[in-house]
Amino acid sequence: MNEDFLNAIIENPFKAVAEFYASCLKESERAMAYVNDELHLTNEQATEQQVGFADRTLGKQIPQRRIKRGREVRDALVNAGLYKANGRETMRGRVTVSITDNEGSIVGLRGYKIDAHASGPDVIVVGEEVKTLSTNHTNDTNEDSATDTKPKPTTQDENELIIEDNQIIFIRDDRRYRIRGLEKNKSTLTLKVNLMASRDDLVHMDTLDLVKARSRTSFIKATATELYTDADIIKKDIGTLLLKLEALQSDRIAALKQPTRVEVELSDEEQREALGLLRSPNLLERIVADMDACGIVGESTNKLAGYLAATSRKLAKPLAIVIQSSSSAGKTSLMDAVLSMMPSEDVNRFSGMTGQSLFYLDSDSIKHKILAIAEDEGIRQASYALKLLQSEGELRHATVGRGEDGRSQTQEHHVEGPTQIFLTTTALDIDEELINRCLILTVDESRNQTDAIQNIQRDARAAVLSQSNELKRNIRELHKNAQRLIRPLTIVNPYAPQLTFANYKTRLRRDHEKYLTLIDTIALLHQHGREVKTVDHNDQSIEYIEVTQNDIAVANGIAGLVLGRSLDELAPQTRNLLGLLNDYVTDTAKANAVPRDAVRFTRRDIREATAIGNSQLSIHLNRLVDLEYVHVHRGKNGQRYVYELLYCGEGREGQPFMMGLIDPSKLTEPATTTKTFRATK
């Protein structure tokens, strides 16, 4: 796309378009023949006078209207009269002759119809008719002849609709028709409008459905009577109007079906500042600090987890988040804080939705975006659709509706994903299948956190609010711009074969996928601070970045706090038994030179190793089994109970932990980069 050409249209639409049409003339033999035979111009004269041909290719040189630049250029063409309100070229299918003023500047165009499909009179004029170039030359003298064509100077085809002020005007000779309400028709099966017909001081107005023959007949008869006009004339007017309104309505319905995408262009300064943030060596700490500065105190892990989950919308399988807490604990504030740092064009937020509403969204309105729903009542009815969207990455729904012929037929609704789901709730009994697909964030409801929040609230009353609000706005805009610069690259994790994860329950299959996606998201967020590599795969060039050991370390810390547990949930005696079991398994594995997870033990083995009585051992061992620190392999029905210790000594200082994760410091550097790609698009 030639930017110089677009600038030329903005500066002087007639000159730019005349030059473009002139470049298209020689591509059409029919247009050249018209210039030679009808305008009596030689090829050299046609080139000199910038005679051209509107071959309908002008629109291909201009961006679409949904793009800001495209709107500017197209509006300039409409204002000049070179484009119609419906987006079509005024001169399409015509040979064009430039109209110049006394100084030689092009101030208009005259168009001669050579295409039978072009509407309107044979000759039309757009712009000012100041000076007419002669179009009758002799080959001998090459001098202008006195003969000149005198076309009807008009910029409006009498058969065209005039759209202005939410109404449509249609004029035929001395008859004028005004149409209102066309935009309310959302289906091609109806064309209900308010139609006013007038001639001089005579008026007739009615509301009717133009699709229905009976309505048209009644209107034609009444209009002919009121306007003292022959009914056949009115019938012909209404027939022409019906065809044009149908075409306009079809275009409008098609435009409504097209997804509206907001493209934000960053200035050089905004881009530089955003890249500075994304390339920061302590990016994750900056994120938490910036959210603190925006008034969200504490909740460091929750804020970071929420920010990463929102960023994962650009992956093939985004992370879903549920913030669960009691009323007034601050779950909505936490979600607001995260969403306020995401681009507004990527956030779809609802207070609630019905069970079927998600199935009827525009096809790609939520693709790689955030779907945020507040409160559990907004989740319950739509939980089934949310589960499908999270698992399958799309929604497909079949219904019965009316076809173009009016008959019932099956209609398929397809909503593309993936989408990042962000929920808040006070309920404890949310659909288990939905919860299993999400990361659960629990808001800190401690007294210390309440005190910190109240201090922030009091300080806000004493601060200069204008400065504080301006700082918050700048921080949020910085993060929004940074998010706009994150590309959905492929993520390769060369350490993946070495990673470990608990596997004693099928539920952990989904938790494992969340863990891997968390690692991918951390790498994706750091893409501007790393080398973007390229590899040819299946005849495609794929850009990718690699996961680092630090990404895994950060993910382990977040997973431990979000998916993990704390030893504080254990009674002292039970916690003491867990420590003794850990020592016993460690010693046994070392003595037998086997991995820890290969060690099996019975109650007798523990009694002999720890000297704990049978009744106490039974009580506390059963608690460890219930809390999934110990796994039962055999037992009941006369079989001997055999146990495996799942706990590996984590969290002795009281911090939350997740069992089964490998220490990142024990990862070995892979010999070669893996060739297995995890697509993120």
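For segment 516-545, which residues satisfy the criterion of being part of a strand (DSSP E or B) and either among the aromatic types (Phe, Trp, Tyr) or surrounded by fewer than 18 Cβ atoms within 10 Å (Cβ to Cβ) (or both)? Before you say what the answer is, go through the steps one by one.
Of the residues in segment 516-545, the ones part of a strand (DSSP E or B) are 533-537, 540-545.
Those that are part of a strand (DSSP E or B) and either among the aromatic types (Phe, Trp, Tyr) or surrounded by fewer than 18 Cβ atoms within 10 Å (Cβ to Cβ) (or both): Lys533, Thr534, Val535, Asp536, His537, Gln540, Ser541, Ile542, Glu543, Tyr544.
Contact map, segment 610-634: residues that are free of Cβ contacts under 8 Å to residues at least 60 places away in the same chain paired with residues that are of a type in the set (Gly, Ala, Ser), Cβ distance under 9 Å, separation 6+ or inter-chain. Pairs shown: His620/Ala571; Arg623/Ala571.
Is it true that some residue in segment 299-321 is touching a Lys or Arg at 6+ places or on another chain (Cβ under 8 Å), more than 28 Å from Ser119 (Cα to Cα), not assigned by TED's automatic domain parsing to the domain that holds Leu371 and not aromatic (Phe, Trp, Tyr)? Walk me through it before giving the result.
Quick first cut of segment 299-321, residues touching a Lys or Arg at 6+ places or on another chain (Cβ under 8 Å) only: 313-314, 316, 319-320.
Filter once more, so that each one left must be more than 28 Å from Ser119 (Cα to Cα): 313-314, 316, 319-320.
Checking the rest, the ones that are also not assigned by TED's automatic domain parsing to the domain that holds Leu371 come to none.
Scanning segment 299-321, I find no residue that is touching a Lys or Arg at 6+ places or on another chain (Cβ under 8 Å), more than 28 Å from Ser119 (Cα to Cα), not assigned by TED's automatic domain parsing to the domain that holds Leu371 and not aromatic (Phe, Trp, Tyr), so the answer is no.
Can you spot a residue in segment 248-264 that is part of a helix (DSSP H, G or I), hydrophobic (A, V, I, L, M, F, W, C), buried (at least 17 other Cβ atoms within 10 Å of the Cβ) and at pLDDT 90 or above? So that I can check it myself, show each step before the final result.
Keep residues of segment 248-264 that are part of a helix (DSSP H, G or I), which gives 248-257.
Checking the rest, the ones that are also hydrophobic (A, V, I, L, M, F, W, C) come to 248, 253-256.
Applying the additional criterion that residues be buried (at least 17 other Cβ atoms within 10 Å of the Cβ) yields 248.
After this cut, where a residue has to be at pLDDT 90 or above as well, the list is none.
Scanning segment 248-264 turns up no residue that is part of a helix (DSSP H, G or I), hydrophobic (A, V, I, L, M, F, W, C), buried (at least 17 other Cβ atoms within 10 Å of the Cβ) and at pLDDT 90 or above.
Residue pairs whose Cβ atoms lie under 7 Å apart, separated by 6 or more positions or on different chains, with the first residue in segment 164-178 and farther than 17 Å from Leu248 by Cβ and the second part of a strand (DSSP E or B) and among the small types (Gly, Ala, Ser), are Arg175/Ala197; Arg176/Ser198.
Within segment 207-221, being in contact with a strand residue (DSSP E or B) (Cβ under 6 Å, 6 or more places away or on another chain) and either surrounded by fewer than 16 Cβ atoms within 10 Å (Cβ to Cβ) or not in a helix (DSSP H, G or I) (or both) holds for Thr207, Asp209. Among all positions in segment 548-560, there is no residue which is touching a residue at least 60 places away in the same chain (Cβ under 8 Å), of a type in the set (Ser, Thr, Tyr) and surrounded by 14 or more Cβ atoms within 10 Å (Cβ to Cβ). Evaluate segment 182-192: report whether one residue or more is more than 21 Å from Ile253 (Cα to Cα), assigned to a strand (DSSP E or B) and assigned by TED's automatic domain parsing to the domain that holds Ala222. Within segment 182-192, not a single residue is more than 21 Å from Ile253 (Cα to Cα), assigned to a strand (DSSP E or B) and assigned by TED's automatic domain parsing to the domain that holds Ala222.
Scan segment 102-118 and tell me whether some residue there is modelled with pLDDT under 85, over 23 Å from Arg252 (Cα atoms) and in contact with a Gly (Cβ under 9 Å, 6 or more places away or on another chain). Yes.
When restricted to residues that are crowded, with 19+ Cβ neighbours inside 10 Å, of a type in the set (A, V, I, L, M) and either touching a helix residue (DSSP H, G or I) at 6+ places or on another chain (Cβ under 8 Å) or at positive phi (or both), segment 79-98 contains 4. With respect to the stated conditions, Ala598 fails to be farther than 23 Å from Thr500 by Cα and surrounded by fewer than 19 Cβ atoms within 10 Å (Cβ to Cβ).
Give Pro281, Pro318 a once-over and let me know the one that is surrounded by 15 or more Cβ atoms within 10 Å (Cβ to Cβ), at pLDDT 85 or above and assigned to a loop (DSSP other than H, G, I, E, B). Before the answer, list the steps.
On the way: Pro281 fails: surrounded by 15 or more Cβ atoms within 10 Å (Cβ to Cβ).
Pro318 is the lone residue from the list that is surrounded by 15 or more Cβ atoms within 10 Å (Cβ to Cβ), at pLDDT 85 or above and assigned to a loop (DSSP other than H, G, I, E, B).
Within segment 28-35, one or more residues are touching a residue at least 12 places away in the same chain (Cβ under 8 Å), in contact with a Cys (Cβ under 9 Å, 6 or more places away or on another chain) and either farther than 16 Å from Val97 by Cβ or not polar (S, T, N, Q) (or both). Looking at this structure, is Val78 part of a helix (DSSP H, G or I) and either within 25 Å of Ile169 (Cα to Cα) or in contact with a Ser or Thr (Cβ under 6 Å, 6 or more places away or on another chain) (or both)? Spelling it out, Val78 is indeed part of a helix (DSSP H, G or I) and either within 25 Å of Ile169 (Cα to Cα) or in contact with a Ser or Thr (Cβ under 6 Å, 6 or more places away or on another chain) (or both). For segment 99-118, the tally of residues that are within 43 Å of the chain's Cα centre (by Cα), in a loop (DSSP other than H, G, I, E, B) and surrounded by 14 or more Cβ atoms within 10 Å (Cβ to Cβ) stands at 2. Could you go through segment 548-561 and let me know if any residue there is at pLDDT 90 or above, in a loop (DSSP other than H, G, I, E, B) and closer than 24 Å to Val632 by Cβ. Taking every residue of segment 548-561 in turn, none turns out to be at pLDDT 90 or above, in a loop (DSSP other than H, G, I, E, B) and closer than 24 Å to Val632 by Cβ. Tell me, please, whether a residue that is at pLDDT 85 or above and in a loop (DSSP other than H, G, I, E, B) can be found in segment 621-642. Yes, segment 621-642 contains at least one residue that is at pLDDT 85 or above and in a loop (DSSP other than H, G, I, E, B).
Assessment of segment 86-95 against the conditions (assigned to a helix (DSSP H, G or I) and farther than 19 Å from Glu27 by Cβ) yields no matching residue.
Select the strands (runs of 3 or more DSSP E) contained entirely in segment 369-443, then report the ones holding at least 3 residues which are more than 14 Å from Ile323 (Cα to Cα), at pLDDT 75 or above and of a type outside the set (D, E, K, R).
Working: elements: 370-373, 394-402, 408-416, 420-425, 438-442.
Result: 394-402, 408-416.
Within segment 268-306, being β-branched (Val, Ile, Thr) and under 26 Å from the mean Cα position of the chain (by Cα) holds for Ile287, Val288.
How many residues are closer than 16 Å to Ile169 by Cα and part of a loop (DSSP other than H, G, I, E, B) when one looks only at segment 193-204?
Pass one, segment 193-204, residues closer than 16 Å to Ile169 by Cα: 193-200, 203-204.
Restricting the remaining residues to those that are part of a loop (DSSP other than H, G, I, E, B) gives 200.
Total satisfying the criteria: 1.
When segment 334-361 is filtered for residues that are under 24 Å from Ala555 (Cα atoms) and part of a helix (DSSP H, G or I), the ones remaining, listed by number, are Leu334, Met335, Asp336, Ala337, Val338, Leu339.
The values are calculated or read from the model by the stated rules, or taken from the named source; none is laboratory data. A quick note: this is a predicted structure, and the numbers were derived from the prediction, not measured. Note that each Cβ is placed from the backbone with ideal geometry, even for glycine, and that neighbours are counted across all protein chains shown.
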